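The values are calculated or read from the model by the stated rules, or taken from the named source; none is laboratory data. Source: prediction; values computed, not measured. Please note: Cβ atoms are built from the backbone with ideal geometry, for glycine as well, and neighbour counts cover all protein chains shown. For the accessible areas, the whole protein counts, side chains as well, though only heavy atoms, and no ligand, DNA or RNA atoms are used. Shrake-Rupley method; radii C 1.70, N 1.55, O 1.52, S 1.80 Å.
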Amino acid sequence: MTQTRSNSSKPAIISEEQQTNTHTNTYTESSETLAEKEPELMVKKRVPDWLNNSMLSSPAPVVSPPSKSRSQSPPPPSSSHHDLLGSYTSKSSSVYSYNSSTVIQPPVPIPPPTFIRPEPPTKPARTPRTDFRDPLTRISDSDNDISSSVEDASRQTNLIQALSRKIINMRELRRLASEGIPDGAGIRSTVWKLLLAYLPCDKALWSSELAKKRSQYNQFKEDFLMNPLLKVSVASQSEITRKLEDSASLQNGENTSAGKGLLPRSEIPHGEHPLSLGKTSVWNQFFQDTEIIDQIDRDVKRTHPDIDFFCGDSASSKANQDSLRNILIVYAKLNPGIRYVQGMNEILAPLFYVFKNDPDEDYSRNAEADTFFCFVELLSGIRDNFVQQLDNSVVGIRSTILKLSLLLKEHDEELWRHLDITTKVNPQFYAFRWITLLLTQEFIFTDSLHIWDTLLSDPEGPQETLLRVCCAMLILVRRRLLAGDFTANLKLLQSYPSTTNISHLLYVANKLRSHHHS
């Protein structure tokens with residue numbers, strides 16, 4: 001049976017930072033103000049000094065209308081609407097759904113990088129967008145805009161230089177990638193392949209390694225995606241053909257049912273009979289796979305319904321869906337212990353999007369094979385989160401969520417106490433989706449790519465960095481959480497402000513790492 005994981009639609013919420021003055025600290029309060037709100041006898045842990053640093057203030061983003069040259073008609077929003085988030089214990093009956101109130105058209109990364117900003121939202125309804133906001137240029141004035149563009153150009157130059165070496169220095173590449181990878185020139189595609197160990201450090205080996213892996217994937221497709229009629233072994237086909245020919249050539253006087261050229265049922269190999277229930281029967285396996293394949297089909301069609309690349313009406317969009325479907329089916333067949341679990345399609349989507357949009361035609365043409373192996377590598381470090389039988393183990397999702405709770409307690413005990421004890425907001429109600437889907441559903445698509453630059457740069461895997469980012473998400477809205485009750489806080493965390501400054505969020509997450517090691 002296919003396991004399911006809950007998902008939720010994300011209504012637009014104007015972030016806390018947009019409602020405050022640009023020089024006001026947006027996620028901390030002075031200890032004097034906090035003292036007035038808490039009972040006198042309550043034991044509180046002092047907020048670290050670095051959280052009150054004025055450098056961490058997050059000014060309200062100022063955006064400008066999108067370029068007239070990209071005024072294409074957006075696709076219609078998805079018509080699927082379901083509840084925000086089902087109970088954690090009802091994973092087996094919950095189904096992902098999407099509420100696409102904002103239509104987004106992602107830019108195809110082509111050199112040189114361009115920085116597109118969205119049309120300012122209008123109240124009470126948000127204006128549909130045809131372009132993504134660049135997370136690195138969401139700033140408050142023209143001087144900072146120029147500074148950010150220069151910084152992006154410098155970062156891109158450094159990455160290109162690092163990729164030009166015959167032997168890639170992975171330590172340097174991870175450091176550069178963790179700061180963010182600008183779009184353009186296929187940089188992110190190549191860097192991600194290196195970070196996920198798909199490409200070796202020695203560039204002289206790239207061609208042979210790619211050829212070997214791509215050939216291997218094509219063989220997987222032949223083995224697992226063919227109709228059962230075509231999967232009968234060559235030897236068996238020859239044997240059946242011989243028997244049919246023998247029966248057809250019998251003398252007229254010989255009495256046998258095969259005299260008419262028909263093969264008796266007893267002569268059909270047991271493993272190749274459509275009604276066979278044997279474990280080795282290709283037909284039995286085919287029928288068992290049907291349920292999973294149907295689930296994959298449904299989920300693929302729901303993957304980012306607001307982005308033409310995944311759900312448009314063009315032939316290329318349909319081909320992209322077929323590629324996602326093929327990858328997930330092959331993975332399920334190669335991993336019978338976990339097979340397919342809802343949500344894997346959301347983790348697969350960013351990888352395929354980045355690789356398919358590589359300006360290099362050869363890389364783009366082979367994006368499906370490249371994505372498969374990178375998907376396998378990425379999932380190998382987080383697959384325990386998808387195994388329901390491991391939920392209560394030390395490696396399961398509940399243990400991971402507990403680590404997030406303890407991390408918040410370490411860095412902001414007052415906020416932890418308010419969420420966990422006062423308002424009793426169980427972290428499973430919001431962090432389950434954050435962690436299992438690697439934050440792909442909490443932010444705009446290109447913002448999630450920026451987050452992934454940092455997640456994939458961690459040499460120990462994405463999980464620890466992911467937990468710090470999740471903790472930083474809580475700290476950034478701490479004032480609203482401290483002022484909220486159970487209902488308000490749950491709504492806020494299940495529909496996290498999508499306008500969050502991602503560079504700022506990652507900066508705070510990195511400070512949590514520094515503070516933890518200090």
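Computed log10 I(q)/I(0) for the stretch 281-389 at 0.11, 0.18, 0.19 Å⁻¹: -0.35, -0.90, -0.99, from the Debye equation with unit scatterers placed on every C-alpha and solvent omitted. The stretch 169-184 and the stretch 386-443 have Cα centres separated by 28 Å. Give me D for the stretch 351-447 in µm² s⁻¹, whole number, from Stokes-Einstein with Rh from the Kirkwood sum over alpha-carbon pairs, 20 °C and 1.002 mPa s. Result for D is 135 µm²/s.
Is the stretch 447-518 best put as rounded, prolate or oblate by its Cα gyration tensor, with a ≥ b ≥ c the root eigenvalues, rounded for a/c under 1.5, and otherwise prolate when a/b is larger than b/c, oblate when not? Note, shape of the stretch 447-518 comes out prolate.
In a fully extended conformation the segment linking residue 420 and residue 399 would gain 6.0 nm over its present Cα-Cα distance, using 0.36 nm per residue.
Taking one quarter of the surface of the convex hull spanned by the alpha-carbon atoms of the stretch 375-518 gives a direction-averaged projected area of 8.5 nm². Solvent-accessible area per residue in the stretch 430-480 equals 16 Å², computed with a 1.4 angstrom probe and all protein chains kept. Each Lys and Arg adds +1 at its Cβ and each Asp and Glu adds -1 at its Cβ; summed about the Cα centre, the stretch 404-514 shows a dipole of about 340 debye.
Mean shadow of the stretch 158-216, computed from the convex hull of its alpha carbons, in nm²? For the stretch 158-216, averaging the hull's shadow over all directions gives 4.0 nm². The mean accessible area for residues of the stretch 288-427, using a 1.4 Å probe and ignoring ligands and nucleic acids, is 37 Å² per residue.
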